[in-house]
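Novice: After the structure tokens below, expect a handful of questions from me.
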């Protein structure tokens with residue numbers, strides 16, 4: 001019988017498919033009664049796929065060995081509690097580097113052509129996300145962020 005894991009939140013469909021091929025996956029985020037599900041699975045769950053893991057959840061899973069977070073960071077996992085319980089915590093570092101680099105280059109090109117100074121504020125105001133006053137107050141700050149990314 002495959003190892004049983006607890007999935008704490010929705011993942012990309014491809015990830016969920018691959019996990020299901022290798023493990024018995026219990027989707028905590030879909031459970032009507034999360035406490036009952038955890039109580040029933042506690043003696044068998046050895047791994048968590050996902051984040052939002054605090055010390056209380058770790059305490060309820062005595063056989064927990066690893067928390068594999070799908071994402072760059074692990075700020076939604078109580079790493080101090082995991083370390084105290086000898087539970088490994090993993091994440092997926094560097095997976096966004098290419099995308100961020102591409103966006104940065106696009107923003108640099110946009111700045112060189114002054115696109116953000118004309119089109120973007122107009123679109124933001126039209127979309128109702130920001131007022132013209134907010135954009136005027138924060139325009140300098142937005143330019144600083146882009147300049148920092150360019151360095």
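Novice: I need a count of the residues in region 11-46 that are within 19 Å of the chain's Cα centre (by Cα) and in a loop (DSSP other than H, G, I, E, B).
Specialist: Step one: filter region 11-46 for residues within 19 Å of the chain's Cα centre (by Cα), giving 11-19, 27-30.
Still in the running and in a loop (DSSP other than H, G, I, E, B): 11-12.
Residues flagged as within 19 Å of the chain's Cα centre (by Cα) and in a loop (DSSP other than H, G, I, E, B) within region 11-46 amount to 2.
Listed here are the residues, each with its yes/no results for (1) within 26 Å of the chain's Cα centre (by Cα); (2) loosely packed, with under 11 Cβ neighbours inside 10 Å; (3) at pLDDT 80 or above.
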position	(1), (2), (3)
48	yes, no, yes
58	yes, no, yes
62	yes, yes, yes
73	yes, no, yes
82	yes, no, yes
102	yes, yes, yes
135	no, no, no
138	no, no, no
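Novice: Restricted to region 84-100, and to residues that are assigned to a helix (DSSP H, G or I) and at pLDDT below 85, which residue is farthest from residue 15 (Cα to Cα)? Let's see the steps before the verdict.
Specialist: Restricting attention to region 84-100, the residues satisfying the condition of being assigned to a helix (DSSP H, G or I) are 84, 97-100.
Imposing the further condition that a residue be at pLDDT below 85 reduces the set to 97-100.
Numbers: 97: 20, 98: 20, 99: 19, 100: 22 Å.
Applying the filter and picking the extreme gives 100.
Novice: Looking at this structure, is residue 51 part of a loop (DSSP other than H, G, I, E, B), in the same structural domain as residue 18 (by TED's automatic domain parsing), out of contact with any helix residue (DSSP H, G or I) (no Cβ under 8 Å at 6 or more places or on another chain) and under 16 Å from residue 26 (Cα atoms)? Don't jump to the end; show me each part of the working.
Specialist: Details: part of a loop (DSSP other than H, G, I, E, B): yes; in the same structural domain as residue 18 (by TED's automatic domain parsing): yes; out of contact with any helix residue (DSSP H, G or I) (no Cβ under 8 Å at 6 or more places or on another chain): yes; under 16 Å from residue 26 (Cα atoms): yes.
Spelling it out, residue 51 is indeed part of a loop (DSSP other than H, G, I, E, B), in the same structural domain as residue 18 (by TED's automatic domain parsing), out of contact with any helix residue (DSSP H, G or I) (no Cβ under 8 Å at 6 or more places or on another chain) and under 16 Å from residue 26 (Cα atoms).
The values are calculated or read from the model by the stated rules, or taken from the named source; none is laboratory data. In this text the structure is predicted, and so the values were computed from the model without any measurement. Don't worry about glycine lacking a Cβ; one is built from the backbone with ideal geometry, like all the others, and counts go over all protein chains shown.
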